[in-house]
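Step one of this worksheet: look at the structure below.
The values are calculated or read from the model by the stated rules, or taken from the named source; none is laboratory data. From a predicted model like this one, the values you see are computed outputs, not experimental measurements. Cβ: placed from backbone, ideal geometry, glycine included. Neighbour counts: every protein chain shown. Just so you know, the surface numbers come from the protein's heavy atoms only, side chains and all, with ligands and any DNA or RNA stripped out. Shrake-Rupley method; radii C 1.70, N 1.55, O 1.52, S 1.80 Å.
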Amino acid sequence: MGELLSVEPSGFRCADCGREFEAGPYPGTLAFSRVGANFEQPLDAEIVPRLIPALDRLQPPTCTERVIQRTAAELGIPIGNPVWEGRADLARLLLTGERAIALDIGCGFGTFATAVARSAAHVFATDRSPVRVALTAARARAEQLTNVTAFETNGIGLPLGDGICDLVTIIGVLEWVGVGTGDAEAAQRSMLAEAQRVLKPGGVLLLGIENRYAAHYFLGAREDHTDLRFSSVVPRRVADIYSRGVRRRPFETPTHSRGALKGLLREAGLTPRVAAVLPSYQQARFAFDEADARAGLDFYVRHAFHATSAPRRIAGRALLHGPADWVASLLPSFWAIARKGGVAPPVPGLITGSPYCDGAIKTIDWTAKQVTARNRLTGVVERSEKLVEGWNARRWVDWPLRGAQREGRREQLIARIGEYLDRAMLDLAQPLQTRPAMLEARQGLGLAEQAVDATVMARCAALLDAAPEVAPGYREHGDLILNNMVIAGDGRMTLVDRPLEDTSTVVGRDATIAVLDLLSVRAGSKQLDLAAGLEALGGVRGEEATALGRLLRTAFAGVPDRHVQGLMLAGTMRHCAAHGLIHGTPDFLAAVADGRLGGALAALGLGSTSYAQAA
């Protein structure tokens, strides 16, 4: 991939026209219009003094999302999704090749710019906030991406020539561009006209924006930009009077319906189509084309929708059984794709489950019923699997309205997991050396060193040290979370997404992760939460406790009771070594060190050993 701008003593030089540009106030940025920030988050004040130095200390190339998340956690600031790279998967799929030029208007924390730069020849990144421009440049340096040029401007007067970009992204920005202008919708039209101007013939715009008529707004949810109830669904003039009366400021952040958004894009000279993105473009875990609304909604409900309360279970039934086009028009937000000349490309079914640069881009071919995973860093296809009919096990367990039915489904799932683990052990009926697995577990434990007390680390390390030299072996799935189990209508379980399908190792990881994830569901968590799962393990009673005890005895057949706790800890830490610290890891380790895992196992009839006995 080539570089469009070369570094010169006085700034930068364009490789095409030879023109030189002045360097900006921060390393790696250009000096253009200094318009000043008009949108800030709590973390912004820490970007220059704390976050950029943390990125500059890294040894490139590195995954900057984790550093930003860790720094925000240290500062006690909720970061949300601004650094979640899964949001940028669709943008990367829309690139036309390695020679493509991209522009990210409103680059924010640099997530789209850095993600797209791995697949494009050059990326221009612009924002109204000078500190966000500086952060984007710092992320590019840490990611060892020399093809990113960041500069400060308002996104309307772009210092770029006509027809130079293959892709323009405007994500969560269009609705803000009118703040302070006096005519918000005119400012939006100007931004879209600028995007059209800089696009090449055949180039594509990707726009992410909330839906003015999202169903939850009609139900009284506060609008994302004004924090006022019903402000988006009432007429604009009424919204302005409402905002001035309550907020003492005009209404300046208009969003649009699906039809109105298409109209704006056509007015700008672009040919649009609108795709659904769920649960929102800010989180972007799943997307599908408007032509695939029924298939997409069915898949989303069965595989991604969190039915964690009675209202959500009822809403899920509306998504599943309501008229597809009508339901799609009431979703929280949209991806809009618009082409300059020609027809806008359809959006594949897109699963964006991983937040990090080393994850996979997963697409669904609805016709072929095929799921394909591509490495985000290389674009290389890692695996391709048939789209299995049925329910994601996490959604299946949570779906019934009655609690007794949900408990019954958990017991059924426990039995299915136990049957799978029994087959996996029979597949490899021989003991294996534990040293390689323990070394991997030590790596995972080391990830938590800064987050837990030294005494906790020492006690957990003692459990790992006490592992037997050999343990039963089995064929490991490698990521046996409930999201990778599909339950068919007849109750049969099929496993998908098998990254380590051919790996043979000692028992521990699959069983422990499956049990803790299942109990995370019981605790109401939307994802695998190690601490919540362990706490729930200590509270199971009755038939569910009997079923769990049976599963664990199956999974650790041939392992003396005194070693079960250590192998479960090792399996969990091996999972962290592969995936980074899982939610709840510090509290989980503290609970293990306090003997709560051993106590829970003893209650299930598997005996117990304390860290002191292990040492």
(request) Mind listing whichever residues of segment 502-521 are at pLDDT 90 or above and out of contact with any strand residue (DSSP E or B) (no Cβ under 7 Å at 6 or more places or on another chain)? (result) Gly508, Ala511, Thr512, Ile513, Ala514, Val515, Leu516, Asp517, Leu518, Leu519, Ser520, Val521
(request) Specify the residue that is nearest to Leu330 (Cα to Cα); the eligible residues are those in segment 174-185 that are open to solvent by less than 30 Å² (accessible area, probe 1.4 Å) and not charged (D, E, K, R). (result) Leu174
(message) What pairs come out if I take residues in segment 297-325 that are farther than 17 Å from Ala393 by Cβ and at pLDDT below 95 and pair them with residues that are aromatic (Phe, Trp, Tyr) and open to solvent by 40 Å² or more (accessible area, probe 1.4 Å) whose C-beta lies under 6 Å away, six or more apart or interchain?
(response) none
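Residue by residue, here is whether (1) within 26 Å of Ile364 (Cα to Cα); (2) modelled with pLDDT under 90; (3) not charged (D, E, K, R) holds:
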| site | (1), (2), (3) |
| --- | --- |
| Ala72 | no, yes, yes |
| Ile77 | no, yes, yes |
| Gly86 | yes, yes, yes |
| Ala102 | yes, no, yes |
| Ala113 | yes, no, yes |
| Val116 | yes, no, yes |
| His122 | no, no, yes |
| Ala140 | no, no, yes |
| Gly161 | no, yes, yes |
(request) Just one of (1) more than 25 Å from Gln196 (Cα to Cα); (2) part of a helix (DSSP H, G or I); (3) touching a residue at least 60 places away in the same chain (Cβ under 8 Å) trips up Leu58, so point out which. (result) (2)
(request) Working only within segment 129-150, note down all residues that are farther than 18 Å from Pro60 by Cβ and surrounded by fewer than 24 Cβ atoms within 10 Å (Cβ to Cβ). (result) Ser129, Pro130, Val131
(message) I'm trying to understand the selection: among the residues of segment 341-364, which are open to solvent by 40 Å² or more (accessible area, probe 1.4 Å) and in a loop (DSSP other than H, G, I, E, B)?
(response) Gly341, Gly342, Val343, Pro346, Pro348, Gly353, Tyr356, Asp358
(message) Anything in segment 466-487 that is charged (D, E, K, R) and either over 24 Å from Val592 (Cα atoms) or open to solvent by less than 10 Å² (accessible area, probe 1.4 Å) (or both)? List them, or say none.
(response) Arg475, Glu476
(request) Scan segment 236-262 for residues that are open to solvent by less than 70 Å² (accessible area, probe 1.4 Å), among the charged types (D, E, K, R) and over 16 Å from Arg212 (Cα atoms) and jot them down. (result) Arg247
(request) Taking the options Phe109, Phe124, name whichever one is under 19 Å from Tyr281 (Cα atoms), aromatic (Phe, Trp, Tyr) and buried (at least 24 other Cβ atoms within 10 Å of the Cβ). (result) Phe109
(message) Can you confirm whether Asp292 is loosely packed, with under 14 Cβ neighbours inside 10 Å and not in a loop (DSSP other than H, G, I, E, B)?
(response) no
(request) Inspect segment 114-123 for any residue being touching a residue at least 40 places away in the same chain (Cβ under 8 Å), part of a strand (DSSP E or B) and in contact with a helix residue (DSSP H, G or I) (Cβ under 8 Å, 6 or more places away or on another chain) and give the result as yes or no. (result) no
(message) Looking only at segment 295-312, how many residues end up being open to solvent by 20 Å² or more (accessible area, probe 1.4 Å), more than 16 Å from Thr352 (Cβ to Cβ) and in a helix (DSSP H, G or I)?
(response) 6
(request) Provide a single number: the residues in segment 451-465 that are under 15 Å from Gln565 (Cα atoms) and either aromatic (Phe, Trp, Tyr) or surrounded by fewer than 17 Cβ atoms within 10 Å (Cβ to Cβ) (or both). (result) 1
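Residue-wise test of (1) under 27 Å from His303 (Cβ atoms); (2) touching a His at 6+ places or on another chain (Cβ under 6 Å); (3) surrounded by 20 or more Cβ atoms within 10 Å (Cβ to Cβ).
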| position | (1), (2), (3) |
| --- | --- |
| Gly489 | yes, no, no |
| Thr494 | yes, no, no |
| Pro499 | yes, no, no |
| Ser504 | no, no, no |
| Ala511 | yes, no, yes |
| Ala532 | yes, no, yes |
| Thr546 | no, no, no |
| Leu552 | no, no, yes |
| Leu569 | no, no, yes |
(request) Mind listing just one residue for me: the one in segment 365-380 that is under 16 Å from the mean Cα position of the chain (by Cα), open to solvent by less than 50 Å² (accessible area, probe 1.4 Å) and of a type outside the set (S, T, N, Q) and, of those, farthest from Pro346 (Cα to Cα)? (result) Arg376
(request) Only residues that are basic (Lys, Arg) and buried (at least 17 other Cβ atoms within 10 Å of the Cβ): list them for segment 190-224, please. (result) Arg197, Lys200, Arg212
(message) One residue is enough: does segment 410-433 have a residue meeting the conditions under 20 Å from Ala284 (Cα atoms) and surrounded by 14 or more Cβ atoms within 10 Å (Cβ to Cβ)?
(response) no
(request) Test each condition in (1) open to solvent by less than 40 Å² (accessible area, probe 1.4 Å); (2) at pLDDT 95 or above; (3) within 29 Å of the chain's Cα centre (by Cα) for Leu270 and report the one that comes out false. (result) (3)
(request) Considering only segment 271-319, state which residues are among the polar types (S, T, N, Q) and out of contact with any Phe, Trp or Tyr (no Cβ under 8 Å at 6 or more places or on another chain). (result) Thr271, Ser280, Gln282, Thr308, Ser309
(request) Considering only segment 231-277, state which residues are assigned to a helix (DSSP H, G or I) and among the hydrophobic types (A, V, I, L, M, F, W, C). (result) Val238, Ala239, Ile241, Val246, Ala260, Leu261, Leu264, Leu265
